[in-house]
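*Asks:* Below you'll find the structure I mean.
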Amino acid sequence: MAKSNNLEEVTNSSPTGGSRKGALYVIKIGGNIIDDDVKLQMFLSSFVAVEGKKILIHGGGKLATKLAAQLGVEQQMIDGRRITDAETLKIVTMVYAGYINKNIVAQLQSRGSNALGLCGADGNVIQSHKRKHATIDYGFVGDVDAVNTSLLRSLLDQNADVVLAPITHNKEGQLLNTNADTIAQEIAQAMSALYEVHLIYSFEKAGVLMDANDDNTVIASITPSSYTELKQQNVIFAGMIPKLENAFAALNKGVHRVIIGKAEELQELIQQQSGTSIIASPNPSGGGA
């Protein structure tokens, strides 16, 4: 579990004379949206329209795989995770922290957003270590150790929309490829000491579905108990399980709300009018955005 650096409480005055945390939206965009320029443009327009402080985390879609094929660098995946050898690390760094990150920043700038693109090595935003596994060598894959909340807060206080690529570092000069869903979770958890954090996983599906091929079968909300039942019934397809595990972990570490749904419906997700809400307990206290 990642730790945060220089955590300190940030509050806004309330009308009653008390204090409350300000809202922060931590939004992860799925790779299939990045691969579809029309959907990406729709999403970025919706992202700019979100009022308040926000951080966007992205992966790389299929571009890294295509470039690797063109360069003759063989790719290996295990359970949907990329094995990152030295040559693959060069490719994902160029693609994720380079072209995709800066293209998103440029598109946001064209819409009036003061967007700033970073990867985990910039400003020591995300420090990680090389993944250790009993039987699998994932190569240069990182697991998050710490999030620089002080730097992120200072950028947000300057009204910057932070755009993060999933390349981290180990503070010893080694870059590491890190899962973007996990980065979103770790940032949301760390920043929850400073803000009321709303974590949104936005991708090509309408939410968590009873039928993975039918967007009309969205499960409106999932609690820990219903999640267990759905897994036992083999209702939730394998690719969604890591997102849900991340979601419950985030809620247990102070994140205010987690929502999963369609990227083009970002405003509706924020307003809880679409997608799937992940709920920490069967009897949530509720609360506004």
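Bear in mind that the values in this text are calculations on the coordinates, not laboratory data. Note that the structure is predicted; figures quoted are calculated from it, not measured. Virtual Cβ from ideal backbone geometry, glycine too; neighbours counted across all protein chains shown.
*Asks:* What value, in deg cm²/dmol to 500, does the helix sum -39500 (n - 2.57) over DSSP H runs of n ≥ 4 give at 222 nm once divided by the residues of the chain?
*Replies:* The helix-only estimate for the chain comes to -9000 deg cm²/dmol at 222 nm.
*Asks:* So, in nm, how far is label residue 172 from label residue 150 when the simple model puts each one 7 Å beyond its Cα toward the Cβ?
*Replies:* 2.4
*Asks:* Among 52, 30, 117, whose mean-square fluctuation peaks in a Gaussian network model of the chain (Cα, cutoff 10 Å)?
*Replies:* Highest fluctuation of the listed residues: 52.
*Asks:* According to a simple spin-label model (label point 7 Å from Cα along Cα-to-Cβ), what is the distance in nm between residue 231 and residue 102?
*Replies:* Simple spin-label model gives 4.2 nm for this pair.
*Asks:* Mind checking segment 32-110 for GluC sites (Glu not before Pro) that DSSP puts in a loop (not H, G, I, E or B) and that have at most 12 other Cβ atoms within 10 Å?
*Replies:* Working: sites: 51, 74, 87; in loops: 51, 74.
Counting only loop positions with at most 12 other Cβ atoms within 10 Å, the GluC sites (Glu not before Pro) in segment 32-110 are 51, 74.
*Asks:* Antiparallel as a % of all DSSP beta bridges within the chain, to the nearest 5?
*Replies:* Working: 16 of 50 bridges.
Here the share of antiparallel DSSP bridges comes out near 30 percent.
*Asks:* Further question: For the chain, what relative contact order do you get, as a whole percent, if you take Cα pairs closer than 8 Å and at least 6 residues apart?
*Replies:* Working: 592 pairs, mean separation 64.4, N = 289.
Computed value for the chain: 22 percent relative contact order.
*Asks:* For the chain, modelled as a Gaussian network with Cα springs under 10 Å, which listed residue fluctuates most, 109, 232, 273?
*Replies:* 232
*Asks:* Please compute the length gained on full extension between residue 49 and residue 109, using 0.36 nm multiplied by the number of residues separating them and subtracting their Cα-Cα distance.
*Replies:* 20.3 nm
*Asks:* Membrane-span-like helices in the chain: DSSP H runs reaching 15 Å or more (Cα, own axis), mean Kyte hydropathy at least 0.5? Don't skip to the answer; put the middle values down first.
*Replies:* Numbers: long enough: 37-49 (18 Å, 0.98); 180-191 (16 Å, 0.28); 241-252 (17 Å, 0.36).
The qualifying helices are 37-49.
*Asks:* Equivalent-ellipsoid semi-axes (√(5λ), Cα gyration tensor) for the chain, whole Å, largest first?
*Replies:* In descending order the semi-axes read 27, 24, 20 Å.
*Asks:* Give the order of 197, 26, 50, 162 when sorted by the count of other beta carbons within 10 angstrom, beginning with the fewest.
*Replies:* Ranked by crowding around the Cβ, least crowded first: 50, 162, 197, 26.
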